[in-house]
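Structure, as structure tokens:
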Amino acid sequence: MTDVRPPAGSGAQSVLSTLFRSAQGGHEQVVLCQDEESGLKAVIAIHSTALGPALGGTRFHSYASDEEAVLDAMNLARGMSYKNALAGLDHGGGKAVIIGDPAQLSEGGIKSERLLLAYGRFVASLGGRYVTACDVGTYVTDMDVIARECRWTTGRSPENGGAGDSSVLTSFGVFQGMRASAQHLWGDPTLRGRKVGVAGVGKVGRHLVGHLLRDGAEVVITDVRAESVDAIRADHPEVRAVADTDALIRSDIDIYAPCALGGALDDATVAALTARIVCGAANNQLAHPGVEKDLADRGILYAPDYLVNSGGVIQVADELRGFDFERAKAKATEIFDTTLAIFERAKSEGIPPAEAADRLAEQRMAEARERAQR
């Protein structure tokens, strides 16, 4: 059943009827949140609770329109259902977006406490159906504020009982997926002697570079922020930097790791890629349906993004049990075996790995729904 709660006088029912047709897959619930006093406008989308309470981060972003924000939340929520299922978590998929520029909706350079508390009350009103965490534009400090109004908040600081920065295990999981990709393609799970191109060296990309260097890889990087590149090279002068992503994908690299924005793999990129493996942290890397087949046709092994970047959600999910880093890391290590299983299924069924990953995730969700109906 779909539950849509628009703010009073918004006319959102007609808008959402169009969005439901545009978004991928069915959703259980979409909540539009508005608090005039704090200036909050937000969307909470719950795609599925078949496996358990929906878990997914809160994105704070300026959108061209409210409709675009709703559609983004719905598609991201669907992606979290698949990610959580493939990670073996007892959680469904949800996502939220706070609409606006974080820099403008702040007080003294810090996000408005009133706005975050109002948002926390909306999440709390769902009674645990949705568990939130950090995403683009939100940070550990924001989760600490939201948690004052909502106990279904993860990604908090260690001093507040949380797991802290989830990029630590996100990067570790991507590294495990990359090792599995090397095992599948070259018969050896090490990256030693391989050239890896990392596009985007923010929080996750920076940690990933460290894993790669320790494993003996040769690393080439790029980032739209010069300061991020400079920070990496200050610590690791052996890392080579190139001007932009176009230069990176045309470089002589074995593995391409997109770790910035989504849509990194489009027709032009796939045609220009020199790498034999694509394995990175960015969400929604495939720009449109069919790209996964184009990669396979070119002999490029694609490690599905929502599989290999699931270390972060594994980390925050563990927080609900009383966070134990070693336990969460052990769970994230399983990404290696799951990635290998996806590649083997793809090979045996004659389909791209992205399709094999979807089938496995859908199978787990379907089995959960069947158990619930018995």
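A few comments on the model shown:
- Complete set of residues in the range 269-313 that are in a loop (DSSP other than H, G, I, E, B) and hydroxyl-bearing (Ser, Thr, Tyr): Thr274, Ser310
- Residue match in the range 127-139 (condition: free of Cβ contacts under 8 Å to residues at least 40 places away in the same chain and in contact with an Asp or Glu (Cβ under 9 Å, 6 or more places away or on another chain)): yes
- Of all residues in the range 47-73, those being in contact with a Ser or Thr (Cβ under 9 Å, 6 or more places away or on another chain), of a type in the set (A, V, I, L, M, F, W, C) and under 21 Å from Val316 (Cβ atoms) number 5.
- Complete set of residues in the range 259-274 that are closer than 25 Å to Arg194 by Cβ and either out of contact with any Leu (no Cβ under 9 Å at 6 or more places or on another chain) or not assigned by TED's automatic domain parsing to the domain that holds Tyr306 (or both): Ala260, Leu261, Ala268, Thr269, Ala271, Ala272, Thr274
- Candidates Gly173, Gly155, Gly197, Gly193 - the one that is touching a helix residue (DSSP H, G or I) at 6+ places or on another chain (Cβ under 6 Å) and in a loop (DSSP other than H, G, I, E, B): Gly155
- Check on Ala241, farther than 30 Å from Asp142 by Cα and either surrounded by fewer than 22 Cβ atoms within 10 Å (Cβ to Cβ) or under 18 Å from the mean Cα position of the chain (by Cα) (or both): yes
- Asp188 vs. criteria among the charged types (D, E, K, R), within 22 Å of Tyr302 (Cβ to Cβ) and either touching a strand residue (DSSP E or B) at 6+ places or on another chain (Cβ under 7 Å) or not in a helix (DSSP H, G or I) (or both): yes
The values are calculated or read from the model by the stated rules, or taken from the named source; none is laboratory data. Model, not experiment: these values are computed from the prediction. Here the Cβ is made from the backbone with ideal geometry for all residues, glycine too, and neighbour counts use every protein chain on show.
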